[in-house]
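Just so it is clear, none of the values below were taken in a lab; they were calculated from the coordinates. This is a predicted model, so every value here is computed, not measured. Heads up, the Cβs are rebuilt from the backbone with ideal geometry, glycines too, and the neighbour counts pull from every protein chain shown.
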Amino acid sequence: MDKHTHHHEGGSSCHELLEGLSLYLDGDAEESLCREIEYHMKDCENCRVVVNTLAKTVELYHEHGKTQMPQEAKQRLFIALDLGDYMSSSE
Ligand SMILES: [Zn+2]
C-alpha cells in the first residue's frame, strides 16, 4: 500500500496517524497505537498541530458533557488544516 510515502524512520505516515487519531482522542486506541502516534508527532510538526487542535476541541466537548466529537466538527477541522483529503479517503 505504501509506494512512496517516505517519511521519518518511525514507520507510520501522516495518513496512518490521522486514521488512528479519532481512536486516540476517544481513548480507544491500543497502547501500541498511542505510542506510534506520539512518536510520529515528535517528528512531524504538521500532525502535532492537528492533534493539538483536535485534542483541545475534544476537551471542550467533554467539558460540555459530550463524549463524542461530531464528525462534522472533525471534518471542518481537517479541512481548515488543509487535510480534507485524509478525511474523505478514510471513510
Ligand atoms: Zn505527520
Whole-Hz couplings from phi, Karplus 6.51/-1.76/1.60, listed for the range 49-56; x for Gly and Pro: 5, 4, 5, 4, 5, 5, 4, 5
Ordering of 46-56, 22-32 by packing [mean C-beta count within 10 Å, highest first]: 46-56, 22-32
Relative packing of 58-64, 35-41, which averages over residues the other C-beta atoms within 10 Å, highest first: 35-41, 58-64
